[in-house]
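Working notes for the structure below.
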Amino acid sequence: MLTIDGQFVRSTSGIKGRGFEELNNPRDVCINTSNEWFIVSDSGNHRLVVYDINNFQVQRLIDGNDSQINLHFPFGICCDENDLLYVCDRGNNRIVVIRFNDGLFLRQWGRKGTQQGEFDAPDFICCRQNILAVSDFNNHRIQVFTLNGQFLFTFGKLGSGDTGEFRYPRGIAIDDEGFFMVKLLFVFTKIHFMMKY
Amino acid sequence: MDQHVSLSMAVDDNNNRQQLVSPPVIRQVGQWGNGPLEFWCPSGLAITRNNQHLIVVDSWNHRLQVSILIEEEKFSFLLDRC
């Protein structure tokens, strides 16, 4: 497979701001299906920024001009095999689905709460084999959905036990064999939590 | 606070139990700062679909950084998010 050889290639300017080429606390990045563009959640500017993968130039913004999008501190973002973007709209406690090609709002689900399909700060998200996993930060759990937003199951609860308990899940990934890997806030010893689905 | 990107081995116990594991780190890249391969709160990452590049969101430096990937062995990335 792959590894980092440590070679630095390039960086964007690093100027904090609201301008077209500027970012304010960017939080996550994903690659579109054709591998031509990457999409950044520009959290502090409440928008998504689309970059050309070949030259790192900004192509366009996906922001609040569509009132249904109207992101508030977007965090995690992922792109499925059909070029649909799934965004953790952390400040609004919902998942927003946006069609990459034209930036069209497609659907959303979630509101603040602790029930199935409700969130308290949805943090990061990944999609794999037609499921979505969302780290529900303040609810100390991972929620798993279909790509349409149908709730499938959840795992994790607040605690420090060995099985099924954790605090403040952040990064989430699913490997080739279906294991979930969760990176927790405040845990710097690189502990993975895994469960086969 | 750690400001680096780590490469960790995925561990598979071939059953459905939930488990906590601390996989061995293969390699890590980065340190605190604002220069090349330095990070201040790295928050997100993506691997390009041709497996050529790693893009890291360097949140509190308000920028993105790109590094080259090369073929080696099975691994997973772990980002020490803040």
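The values are calculated or read from the model by the stated rules, or taken from the named source; none is laboratory data. Quick caveat: nothing in here was measured; it's all calculated off a predicted structure. FYI the Cβ positions are ideal-geometry reconstructions off the backbone, even for glycines, and counts take in every protein chain you see.
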Out of (1) at the interface with chain B (Cβ under 9 Å from one of its Cβ atoms); (2) crowded, with 22+ Cβ neighbours inside 10 Å, the one residue A:170 does not meet is (2)
Identify, from the list A:156, A:171, the residue that is at pLDDT 80 or above and in contact with a Leu (Cβ under 9 Å, 6 or more places away or on another chain). A:171
Which residue out of A:156, A:149 is crowded, with 17+ Cβ neighbours inside 10 Å and on the phi > 0 side of the Ramachandran plot? A:156
Among the residues of the range A:22-49 satisfying the criterion of being assigned to a strand (DSSP E or B) and among the charged types (D, E, K, R), which is surrounded by the fewest Cβ atoms within 10 Å (Cβ to Cβ)? A:47
Complete set of residues in the range A:76-127 that are of a type in the set (Asp, Glu), surrounded by fewer than 16 Cβ atoms within 10 Å (Cβ to Cβ) and either under 12 Å from the mean Cα position of the chain (by Cα) or closer than 22 Å to residue A:178 by Cβ (or both): A:81
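Looking at the range A:34-46, can you tell me whether even one residue there is without any contact (Cβ under 8 Å) to a residue 60 or more places away in the chain, away from chain B (no Cβ under 14 Å) and under 24 Å from residue A:91 (Cα atoms)?
Looking for residues that are without any contact (Cβ under 8 Å) to a residue 60 or more places away in the chain, away from chain B (no Cβ under 14 Å) and under 24 Å from residue A:91 (Cα atoms), one finds at least one in the range A:34-46, hence yes.
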Of the residues that sit in the range B:48-66 and are within 7 Å of chain A (Cβ to nearest Cβ) and in a strand (DSSP E or B), which one is surrounded by the fewest Cβ atoms within 10 Å (Cβ to Cβ)? B:53
Looking only at the range A:19-33, which residues are under 21 Å from the mean Cα position of the chain (by Cα) and more than 8 Å from chain B (Cβ to nearest Cβ)? A:32
Cβ-Cβ under 6 Å pairs, at least 6 apart or on other chains, the range A:100-129 side under 24 Å from residue A:52 (Cα atoms), far side assigned to a strand (DSSP E or B) and among the small types (Gly, Ala, Ser): A:124/A:76; A:124/A:135; A:124/A:171; A:125/A:76; A:126/A:133; A:126/A:173
Would the range B:2-16 turn up any residue that is at pLDDT 70 or above and over 10 Å from the mean Cα position of the chain (by Cα)? no
I'd like to know if the range A:2-21 contains one or more residues that are under 20 Å from residue B:41 (Cβ atoms), of a type outside the set (D, E, K, R) and touching a residue at least 12 places away in the same chain (Cβ under 8 Å). yes
